[in-house]
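Let me begin by presenting the structure, written as C-alpha cells, before commenting on it.
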Ligand code: MEV
C-alpha cells in the first residue's frame, strides 16, 4: 500500500504580532521543534481523517477542522481527483493553538502530501495561495505572516502585501520558547484588538508604537545589540498587554523570566494563552530561566541560538 508524507513546521513571531494585521512590519522565524507531518495512505472507500482529537470520516469532521476540510476539498478540485481511496493522518510534535502557527503548518504539510501523493508539482505561489485559503477560514482576517513563513521556511521581515524579505541576524544570545499549556484563540484575539482599534484612539496608538518598535529592532539586530533587543521585547510586551492580548499566565511567565536574568520577554503569536519567548545572554542563563519557568507552570520549553542560519 502506497504512503506519502508532507512536512511543515510552525513559526515563532519575535516581534510584530497583531500590529502586522494593520500593515506594520513583523519579524518571525521558522520553529522546527513544532513539526507537522501529514501522511496520505492508499485505502478503500471514503477518506478517513486522523488528526489532533478527531478520527473519522473527513466529511463528518467537526467545525473546528473546517479550514482543513475546505482546503482538502479545494486541493482535490484543483488536482481533479475524488475524495476516495486514501486516508489522511496528521501528526504534530506540539499541541494545536499555541501561537506557533500550527494551522498554517498543517495546511502546508497537507498540501505538500496530497500533491506528492498525486504526483503533481506544487509551486511556492500555489502553496501560499492554498495555505491562505485555510488561514482565512481559521483566523478570519490573517495578516498572511503565518502562511508566508511556512512557504519560505526562512526568518522573515514581513509587511502585509509586500514581497518576502528574508531576515538574517546573528546575535550572541539565546532564545527560549515556553508553552503556557493554555490554548490561545487567534481569531478571538485578532477580533478583540480590532474592536479596540476601531473604538479607541489608544488602540491605534499601541498598534503604531508596536510597528515603530519593530523598525527600531532592525537597527538593534544590525548592531548585534542583544540588550537593546531585550528592551524592545519588554516594550512590545507592554503594548500587547495594553491591547488586551496578554493574560495572567503569560504575565506571570514573563515576570519569572525577567526575575531570573532574561534580557527581555514577551508573549508570541495571538496571545491569550499559547506561548511566550525570552532572550538570554548565555546558554547557562537560558537553562536557568527554563527551570524557573517550568517550576512556575510552563508545560514545555525550547532553547535555540539567536542566529538565523541555525533556524533552517
Ligand atoms: C498569529 O500568528 C499572528 C497575529 O498577528 C495574527 C496575524 O498575523 O494574522 C496575531
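Each value in this text was obtained by applying a stated rule to the coordinates, not by laboratory testing. Predicted model, so just to flag it, every value in this text is computed and none were measured. Counting neighbours? That spans all protein chains shown, and the Cβs are built from the backbone with ideal geometry, glycine included.
Overview of values
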read-out	value
Members of segment 1-20 found to be in a strand (DSSP E or B) and near the ligand (Cβ under 8 Å from one of its atoms), listed by number	11, 13
Residue 243 vs. criteria under 21 Å from residue 23 (Cβ atoms) and touching a helix residue (DSSP H, G or I) at 6+ places or on another chain (Cβ under 8 Å)	yes
Qualifying residue in segment 249-270 (condition: free of Cβ contacts under 8 Å to residues at least 24 places away in the same chain and either out of contact with any helix residue (DSSP H, G or I) (no Cβ under 9 Å at 6 or more places or on another chain) or in a helix (DSSP H, G or I) (or both))	yes
Subset tally (residues that are surrounded by 16 or more Cβ atoms within 10 Å (Cβ to Cβ) and in a helix (DSSP H, G or I)) for segment 87-139	28
Conditions (1) within 15 Å of the chain's Cα centre (by Cα); (2) assigned to a helix (DSSP H, G or I); (3) within 17 Å of residue 36 (Cβ to Cβ); number of the one not met by residue 187	(3)
Among (1) surrounded by fewer than 16 Cβ atoms within 10 Å (Cβ to Cβ); (2) away from the ligand (no atom under 16 Å from the Cβ); (3) under 21 Å from residue 187 (Cα atoms), the one test that residue 23 misses	(2)
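Residue-by-condition table, conditions (1) surrounded by fewer than 22 Cβ atoms within 10 Å (Cβ to Cβ); (2) free of Cβ contacts under 8 Å to residues at least 60 places away in the same chain:
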| position | (1), (2) |
| --- | --- |
| 143 | no, no |
| 163 | yes, yes |
| 189 | no, no |
| 201 | yes, yes |
| 205 | yes, yes |
| 211 | yes, no |
| 219 | yes, yes |
| 227 | yes, yes |
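Yes or no, residue by residue, for (1) over 17 Å from the mean Cα position of the chain (by Cα); (2) part of a strand (DSSP E or B):
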position	(1), (2)
143	no, no
147	no, no
151	no, no
157	no, yes
163	yes, no
168	yes, no
173	yes, yes
176	no, yes
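For every residue, the table says whether it meets (1) within 16 Å of the ligand (Cβ to nearest atom); (2) under 18 Å from residue 250 (Cα atoms); (3) exposed (fewer than 15 other Cβ atoms within 10 Å of the Cβ).
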residue: 275; (1), (2), (3): yes, yes, no
residue: 282; (1), (2), (3): no, no, yes
residue: 297; (1), (2), (3): no, yes, yes
residue: 309; (1), (2), (3): no, no, yes
